[in-house]
Amino acid sequence: MKKLKLRSKTKKKILLVLLAGIAVSLSRSPRKTGYILHKIPKALRDIDKDHLYRCIKEFKHEKLVSYHEDKDGNITLQLSKDGEQYAIRNSLESITIHRPLHWDAQWRVIMFDIPEKKRQARDSLRNKLRELGFYELQHSVWVHPFPCEKEIEFIVEVFEIRRYVRYAELTHLTNDAEVRLHFKLLN
């Protein structure tokens, strides 16, 4: 897949909605388009109709979507493989771990042993963990104090390394003063 940069947040929203499996259909009829747009997520409802059509034409040109227009003027979109890969990569870039008001005193530990043949995925996982604020406890053992299981599940699926990665939640971590200091969890 060629490198593609979408500068517009609107374009990213459209691709992510398509990735989520939500059908985006448009009609030449303003009344029907209004009905369809009312049924899809708020993120797309706020998009100007003309801008939406321009984005869709660009997606078609870039081969990110398959585009079908029936004889009534209704347009149906579906993500292509390239569009799917782009949307997944883009959603990976937007993952964050939210800090709750109160820490539940549990450590989330990610451990992995990824073979050399998957070195690129291993390095990408390390970089992503670092970017998300994980603390490297030991080589291939990372820790975070806040809930992040769903985020980790998504990341290991994207990198296709599920069988090599373990997730654990611990209530006690010996010698955790340095880790607590890193996350500003001072008692």
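In this entry, residue 75 passes the filter for residues that are modelled with pLDDT under 70 and touching a strand residue (DSSP E or B) at 6+ places or on another chain (Cβ under 7 Å). Set side by side, the residues 79, 92, 173, 129 differ, and just one is touching a Phe, Trp or Tyr at 6+ places or on another chain (Cβ under 8 Å) and under 30 Å from residue 61 (Cβ atoms), which is 92. When residue 110 is tested against (1) surrounded by fewer than 16 Cβ atoms within 10 Å (Cβ to Cβ); (2) part of a strand (DSSP E or B); (3) touching a residue at least 12 places away in the same chain (Cβ under 8 Å), just one condition goes unmet, and that condition is (1). Here residue 158 clears all of (1) over 19 Å from residue 185 (Cα atoms); (2) touching an Asp or Glu at 6+ places or on another chain (Cβ under 7 Å) except the condition numbered (2). So, residue 84, is that one at pLDDT below 80 and among the acidic types (Asp, Glu) or not? Spelling it out, residue 84 is indeed at pLDDT below 80 and among the acidic types (Asp, Glu).
Being part of a helix (DSSP H, G or I) and modelled with pLDDT of 70 or more, is that true of even one residue in the range 28-48? No. Annotation note: Cβ proximity below 7 Å between a residue of the range 140-166 that is over 16 Å from residue 123 (Cβ atoms) and a residue that is part of a helix (DSSP H, G or I) and among the hydrophobic types (A, V, I, L, M, F, W, C) (sequence gap 6+ or interchain) occurs for 143/179; 162/156. Of everything in the range 117-138 that is among the aliphatic types (A, V, I, L, M) and outside any helix (DSSP H, G or I), the residue that is farthest from the chain's Cα centre (by Cα) is 137.
Filter the range 139-179 for residues that are surrounded by 16 or more Cβ atoms within 10 Å (Cβ to Cβ) and part of a helix (DSSP H, G or I); which is modelled with the lowest pLDDT? Top of the filtered list is 158.
The values are calculated or read from the model by the stated rules, or taken from the named source; none is laboratory data. Note that this is a predicted model, so its numbers are computed, not measured. Please note: Cβ atoms are built from the backbone with ideal geometry, for glycine as well, and neighbour counts cover all protein chains shown.
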